[in-house]
Every structure is written in C-alpha cells, then in structure tokens.
1. Give the number of residues within segment 18-29 that are out of contact with any strand residue (DSSP E or B) (no Cβ under 7 Å at 6 or more places or on another chain) and surrounded by 11 or more Cβ atoms within 10 Å (Cβ to Cβ).
2. Criterion first (modelled with pLDDT of 90 or more, closer than 24 Å to residue 5 by Cα and within 13 Å of the chain's Cα centre (by Cα)) does residue 30 satisfy it?
3. Using beta carbons and a limit of 9 Å, which pairs, at least six apart or on different chains, have the first residue in segment 1-28 and on the phi > 0 side of the Ramachandran plot and the second one assigned to a loop (DSSP other than H, G, I, E, B) and surrounded by 13 or more Cβ atoms within 10 Å (Cβ to Cβ)?
4. What's the total number of residues in segment 30-65 that are free of Cβ contacts under 8 Å to residues at least 24 places away in the same chain and out of contact with any strand residue (DSSP E or B) (no Cβ under 6 Å at 6 or more places or on another chain)?
5. Report, by residue number, each residue of segment 53-77 that is more than 20 Å from residue 9 (Cβ to Cβ) and surrounded by 13 or more Cβ atoms within 10 Å (Cβ to Cβ).
6. Quick check on my filter: what residues within segment 18-27 are part of a strand (DSSP E or B) and farther than 15 Å from residue 3 by Cβ?
7. Name every residue in segment 7-17 that is in contact with a strand residue (DSSP E or B) (Cβ under 6 Å, 6 or more places away or on another chain) and either more than 10 Å from residue 65 (Cα to Cα) or assigned to a loop (DSSP other than H, G, I, E, B) (or both), in order of residue number.
8. Regarding segment 30-52, can at least one residue be identified that is surrounded by 12 or more Cβ atoms within 10 Å (Cβ to Cβ), in a loop (DSSP other than H, G, I, E, B) and in contact with a helix residue (DSSP H, G or I) (Cβ under 8 Å, 6 or more places away or on another chain)?
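The values are calculated or read from the model by the stated rules, or taken from the named source; none is laboratory data. No experiment lies behind these values; they were computed from the predicted model shown. As a convention, Cβ positions derive from the backbone with ideal geometry for all residues, glycine included, and neighbour counts pool all protein chains shown.
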C-alpha cells in the first residue's frame, strides 16, 4: 500500500462482516496490520441475515486490525468539505 494513503478516510469490512470507518494512520507489511484512528463501528448493515450487529456512535481513538481478517477495504477519496464559516477550531483530536 502506498504511503500517500496515510491520513485518508477508509472503510474496512472484516471477515465477521462488520464495517469500520476511520482514518488510516499505519499499514505494517511485516506485522500484517492496519491501524485506523477516529474509528466508528457501523455494524453489519444487513450483511449477516438474522444475526446482525448494530452500529455504534462511539468513536474509538485507535484500532489495529489484522490484515488477514479484513475482507475488503475502500478509501474515500472525496473528503467532506469543511464549512467555510469556520476559521478556527480547538480541542483535542482523538
């Protein structure tokens, strides 16, 4: 994976069919791990009939995934626009 993807928004679907969305911060080819920050669990979203896992609105600061347990991932190239009315913000980034 190219280092130009670090910092990009990404969705990951695990082999358990749960989707997670966050920002890629590391991809370790030796340890075969992918680390995301500001991660939100979206649940199974209809991918598991009769045994659905609900999404969660809580944001996890950082999550490290085993690459071999990821079914698929997709980068979101179109980042959301920042409101032009905001000229400054503060607070700790998670």
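1. Going through segment 18-29, the residues out of contact with any strand residue (DSSP E or B) (no Cβ under 7 Å at 6 or more places or on another chain) turn out to be 28-29.
From what's left, surrounded by 11 or more Cβ atoms within 10 Å (Cβ to Cβ): 28.
Residues in segment 18-29 being out of contact with any strand residue (DSSP E or B) (no Cβ under 7 Å at 6 or more places or on another chain) and surrounded by 11 or more Cβ atoms within 10 Å (Cβ to Cβ): 1 in total.
2. On the way: modelled with pLDDT of 90 or more: yes; closer than 24 Å to residue 5 by Cα: yes; within 13 Å of the chain's Cα centre (by Cα): no.
Answer is no for this residue.
3. Between residues of segment 1-28 that are on the phi > 0 side of the Ramachandran plot and residues that are assigned to a loop (DSSP other than H, G, I, E, B) and surrounded by 13 or more Cβ atoms within 10 Å (Cβ to Cβ), the close pairs are 17/44; 17/45; 17/47; 17/48; 17/53.
4. Qualifying residue count for the region: 9.
5. Pass one, segment 53-77, residues more than 20 Å from residue 9 (Cβ to Cβ): 53-54, 66, 68-69.
Across segment 53-77, the qualifying residue is only 53.
6. At the first step, the residues of segment 18-27 found to be part of a strand (DSSP E or B) are 19-27.
Result: 19, 20, 21, 22.
7. 8, 9, 10, 11, 13, 15 - these are the residues of segment 7-17 that are in contact with a strand residue (DSSP E or B) (Cβ under 6 Å, 6 or more places away or on another chain) and either more than 10 Å from residue 65 (Cα to Cα) or assigned to a loop (DSSP other than H, G, I, E, B) (or both).
8. yes
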